[in-house]
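Nothing in this text is a laboratory measurement; each read-out follows from the coordinates by a stated rule. Computed from a predicted model, the values in this text were never measured in an experiment. Here Cβ is always computed from backbone atoms with ideal geometry, including for glycine, and neighbour counts include all displayed protein chains.
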Amino acid sequence: MAFASRFGDLFEAAEKARENAHVPYSNFKVGAALLTEGGDVIAACNVENAAYPQAQCAEASAIGSMVAKHGATRIVEALVIGGEAGDGMLCSPCGGCRQRLREFASLETPVHICGPEGLRKTMTVDELLPLSFGPDNLDT
Ligand code: THU
């Protein structure tokens, strides 16, 4: 890793944000945290809606906050917490959120997939979204 991991800070921030998850429909709380290139840790939760498709994932909430509140556009480490302790499942980012992360991260950026008890698996953005389409595809 070419940077100092802030796993502990990310986990703590995501855990705290997860407590605020608005999940009256799924009852599935998710917390996500991002470490920016500038060293900020930004965390958020999922926010559901009575019009079900309008639910917003925790990762999407965190990315929106990162851009709007911190003016940051580079993620160097990401973490997500979901599920119940010991359920043996991976709360891995959904397809849309993989693409959202890819926009602001590098292919090597680690994404820590956690349960409430701690780390379950770390994957890079490239492993989560192989052969991805990204900003480089657009000559802007
Ligand atoms: N969810 C997230 O917030 N992030 C993920 O990576 C997977 C799913 C949320 C969306 C919805 O509020 C709930 O989990 C159940 O799908």
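Tabulated values for the structure
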| quantity | calculated |
| --- | --- |
| Helix 7-18 vs. the chain, principal-axis angle (Cα, 0 to 90°, nearest 10) | 50 |
| Sequence of K29, K69 once ranked by neighbouring C-beta atoms within 10 Å, starting from the fewest | K69, K29 |
| Charge dipole magnitude, Cβ of K and R +1, D and E -1 - the chain, Cα centre, debye nearest 20 | 200 |
| GluC sites (Glu not before Pro), loop per DSSP, at most 15 other Cβ atoms within 10 Å - longest free stretch of the chain | 38-83 |
| Positive dipole terminus of the stretch 7-127, leading residue within A72, P93, Q54 (C-beta point charges) | Q54 |
| The chain: relative contact order as a whole-number percent, Cα under 8 Å and 6+ apart | 19 |
| Kirkwood Rh in Å, taken over all unlike Cα pairs in the chain | 15.0 |
| Exposure proxy ranking, count of Cβ atoms within 10 Å, fewest first, for C45, C91 | C91, C45 |
